[in-house]
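Here's the structure we're looking at; comments come further down.
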Amino acid sequence: MSRAAAVTESRLARALLIGGAMAFLGFFLLLPLLAVFSEGLKQGWSAFAAAIVEHDALAAIRLTLIIAVISVPLNVVFGIAASWAIAKFNFKGKSLLITLIDLPFSVSPVVSGLIFVLLFGAHGLLGPWLQAHDLKIIFAVPGIVLATVFITFPFVARELIPLMMEQGKDDEEAAVSLGANGWQTFWHVTLPNIRWGLLYGVLLCNARAMGEFGAVSVVSGHIRGMTNTMPLHVEILYNEYDFVGAFAVASLLAVLALVTLVAKSVLEWRFDYHHGGAGH
Amino acid sequence: MITVQNISKRFGDYPALHDINLTIQPGEFIALLGPSGSGKTTLLRIIAGLEFQDGGKVLFDGEDVSDRKVAERGVGFVFQHYALFRHMTVAENVGFGLSVRGRKDRPSKSEIKARAEELLSLVQLGGLGNRYPAQLSGGQRQRVALARALAVEPQLLLLDEPFGALDAKVRKDLRRWLRQLHEQMGLTSIFVTHDQEEALELADRIVVMDHGVIEQVGTAEQVYMDPASPFVSDFVGEINRLPVMIAGGEVQLGGISLAIPAGEHPDGPAQLHFRPHDVELADHQPGGLPITISNIFRKGGCWRVEGHHAAVDRVIEIDLDAGVAPPIIGQQLVAFPSKSRIFAAGCP
């Protein structure tokens, strides 16, 4: 009892700390979220719905989904491959690879976008060759996919590397010693061991893929109904003083964020349960 | 018969194994004994095919298996931390080796299930097939790991520190049981341990390793009673190690000539080894090592007496028959090693 008292703040201090944290969260996180929804619904549900089913808005939603459907699976494959290599093998340049995986997090999204413009743009390194072969990457869907893949690359890998390192390679060696081939080992042993962490990474990766603004803005060219993703569409509407339209689409993105948060909490709970309960 | 020929292995700049030669007869139970970093686990993994040597060969019945992968060598491997597949039931774990076989050799699902149940009763875990590894105790998990390794009908069973993660009581039971299983199934087994007691109790022959070389291969009796090097003498069983001088055929310590024959050893510094139970104590006699008793306690079936000598910085340990009255702390006595061994100085 006395030991517990020694580390417990006074009632007033506790109330101030908790109250302060709550007020901060309310002001900076909850209030803007509510504002998004209330602005979107300012002129009623019909205006809200009209803004969403509007032609360009639907195109933006469709494009955003296409981008996510392409880039998330790609980064699941890349992420698993990279974390597998890092966690299970020793090779030269391993720490360089770990650092490189973090690059998209440390570099400004605008720069990430510009990289691709410099590479594939009309005046870029590969621009003339692409033009000669009539391939469009910048200001087209492939460019947006590339920028999104680049930006979201770390999510799956960073989730899996610590997990796979902690698990070591005993399980894989056991499977191989029992006669399993590479694919069987991956499918029956490695994948089940990492599934919750992987799902968690996929979730974060998806949220970012749908919500990315900076890098995508640079490479997209903002062609309405063609290369506008949802975040870009919101910006355009907002700049045109179409607040209901902007906030209606924005509230879709906000719903995505809320769904992600709930799913993340559920996954964390499952993950801890499986992780903690499994012993070695 | 397993033959290991001139095996060497480096990890980067670190020499893990150096020119290892070993022959293991069918049916033998072999312990690889050594401190951590001695290369014992690396040698086991090379025999298994989980690691590959830089030089040398591994032969199974005269056939070179050096290039074969672990699955092609017909070995069962039991990992130190069991490496059970946590998302599979115990029965699925045991049946794994059968269920990943190619379609042609794969038994039917019901056959695999029956085989797993059979193996589980062999390791005394009958009826626990539907549990998950997390629901089992450490000793039970180890037995599941063993059943899983046995499911692929290996000729050779390899165990890496099989009892390392278990508490003392479980360890002892499991040890005896493993020895029985080894005989019952007619296996050839090699296990790695740093616990000399485990090696002495279980193994037909012990391979004592240090710093990537084999120091001695022999039965428990040979390794304990006739250690080939000061390292083996020190590592296997308890030992008193005293720095002595050999001069004119006499063994001297702190200017006193001990009643121990120097044998063939040349003059100069040397080290004298003797076991705590190979010492007698007397009041005052020439030729003994004068010591002051510093501590006495009951150690199982004997008295453990600790004494000091001015020229020795280590405590000298002596075991006395529990039937005799022990000396008193502070008493001045002389110790006579009845069996001792002299090694060149400077060796570890």
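Of note:
- Test: B:Gln216 is open to solvent by less than 50 Å² (accessible area, probe 1.4 Å) and not small (Gly, Ala, Ser): yes
- Those helices (runs of 4 or more DSSP H) of the range A:104-198 in which 3 or more residues are more than 14 Å from every other protein chain (Cβ to nearest Cβ) and either under 30 Å from A:Met226 (Cβ atoms) or touching a Gly at 6+ places or on another chain (Cβ under 7 Å) (or both) occupy A:109-120, A:127-132, A:141-167.
- The numbered conditions (1) crowded, with 22+ Cβ neighbours inside 10 Å; (2) within 16 Å of B:Ala83 (Cα to Cα) are all true for A:Leu160 except (2).
- Looking across the range B:223-238, the residues that are surrounded by fewer than 21 Cβ atoms within 10 Å (Cβ to Cβ) and either within 14 Å of B:Phe336 (Cα to Cα) or touching a strand residue (DSSP E or B) at 6+ places or on another chain (Cβ under 8 Å) (or both) come down to B:Asp226, B:Ala228, B:Ser229, B:Asp234, B:Glu238.
- Only residues that are part of a loop (DSSP other than H, G, I, E, B), of a type outside the set (A, V, I, L, M) and within 29 Å of B:Gly27 (Cβ to Cβ) were counted in the range B:75-105, giving 6.
- Filtered residues of the range A:216-234 (kept if over 14 Å from A:Ile61 (Cα atoms) and assigned to a helix (DSSP H, G or I)): A:Val216, A:Ser217, A:Val218, A:Val219, A:Ser220
- Of all residues in the range B:124-150 being within 14 Å of chain A (Cβ to nearest Cβ) and small (Gly, Ala, Ser), the one that is surrounded by the fewest Cβ atoms within 10 Å (Cβ to Cβ): B:Ser137
- Look at (1) farther than 30 Å from A:Met165 by Cα; (2) open to solvent by less than 40 Å² (accessible area, probe 1.4 Å); (3) in contact (Cβ under 8 Å) with a residue 40 or more places away in the chain; (4) not charged (D, E, K, R) and you find that A:Val110 fails only one, number (2).
- For A:Phe150, the conditions (1) touching a Ser or Thr at 6+ places or on another chain (Cβ under 8 Å); (2) open to solvent by less than 40 Å² (accessible area, probe 1.4 Å); (3) among the aromatic types (Phe, Trp, Tyr) are fulfilled apart from (2).
- Across the range B:162-202, the number of residues qualifying as open to solvent by 30 Å² or more (accessible area, probe 1.4 Å), of a type outside the set (A, V, I, L, M, F, W, C) and assigned to a loop (DSSP other than H, G, I, E, B) comes to 5.
- Leading residue by the ranking (nearest to the chain's Cα centre (by Cα)) among those in the range B:94-114 that are more than 9 Å from every other protein chain (Cβ to nearest Cβ) and buried (at least 24 other Cβ atoms within 10 Å of the Cβ): B:Val94
- Checklist (1) assigned to a loop (DSSP other than H, G, I, E, B); (2) in contact with a strand residue (DSSP E or B) (Cβ under 8 Å, 6 or more places away or on another chain); (3) more than 16 Å from B:Leu33 (Cβ to Cβ) applied to B:Val251, failing item: (1)
- The set of residues in the range A:41-80 that are open to solvent by less than 80 Å² (accessible area, probe 1.4 Å), of a type in the set (S, T, N, Q) and either more than 30 Å from A:Thr190 (Cα to Cα) or assigned to a loop (DSSP other than H, G, I, E, B) (or both) contains only A:Thr64.
- Restricting the range B:23-71 to residues that are open to solvent by 40 Å² or more (accessible area, probe 1.4 Å) and polar (S, T, N, Q), the residue that is nearest to the other protein chains (Cβ to nearest Cβ) is B:Thr41.
- Residue within the range A:4-22 that is surrounded by 11 or more Cβ atoms within 10 Å (Cβ to Cβ) and within 30 Å of B:Gly12 (Cα to Cα) present: no
- A count restricted to the range B:323-342 and to residues that are open to solvent by 30 Å² or more (accessible area, probe 1.4 Å) and part of a loop (DSSP other than H, G, I, E, B) stands at 11.
- Per the listing B:Arg131, B:Arg171, the residue uniquely of a type in the set (Lys, Arg), modelled with pLDDT under 90 and within 20 Å of B:His81 (Cα to Cα) is B:Arg171.
- Pairing each residue of the range A:174-201 that is open to solvent by 40 Å² or more (accessible area, probe 1.4 Å) with any residue that is not aliphatic (A, V, I, L, M), provided the two are 6+ apart or on different chains, yields C-beta distances under 7 Å for A:Val176/A:Thr185; A:Trp196/A:Arg270; A:Trp196/A:Phe271; A:Trp196/A:His274.
- Out of B:Asp210, B:Asp226, sole residue that is acidic (Asp, Glu), at pLDDT 90 or above and more than 30 Å from B:Phe11 (Cβ to Cβ): B:Asp226
- Within the range B:1-22, the residues that satisfy the criterion of being open to solvent by 70 Å² or more (accessible area, probe 1.4 Å) and assigned to a loop (DSSP other than H, G, I, E, B) are B:Met1, B:Asp13.
- Selection of first residues in the range B:85-108 that are under 17 Å from A:Trp183 (Cα atoms) and of second residues that are assigned to a loop (DSSP other than H, G, I, E, B) and polar (S, T, N, Q), restricted to Cβ pairs under 9 Å at least 6 apart or on distinct chains, gives the following pairs, ordered by first then second residue: B:Val100/A:Asn181.
- Filtered residue count, the range A:203-250, keeping only those that are surrounded by fewer than 17 Cβ atoms within 10 Å (Cβ to Cβ), closer than 23 Å to A:Leu261 by Cβ and β-branched (Val, Ile, Thr): 0
The values are calculated or read from the model by the stated rules, or taken from the named source; none is laboratory data. Source: prediction; values computed, not measured. Heads up, the Cβs are rebuilt from the backbone with ideal geometry, glycines too, and the neighbour counts pull from every protein chain shown. Just the protein is used for accessible areas: all its heavy atoms, side chains included, with ligands, DNA and RNA removed. Shrake-Rupley method; radii C 1.70, N 1.55, O 1.52, S 1.80 Å.
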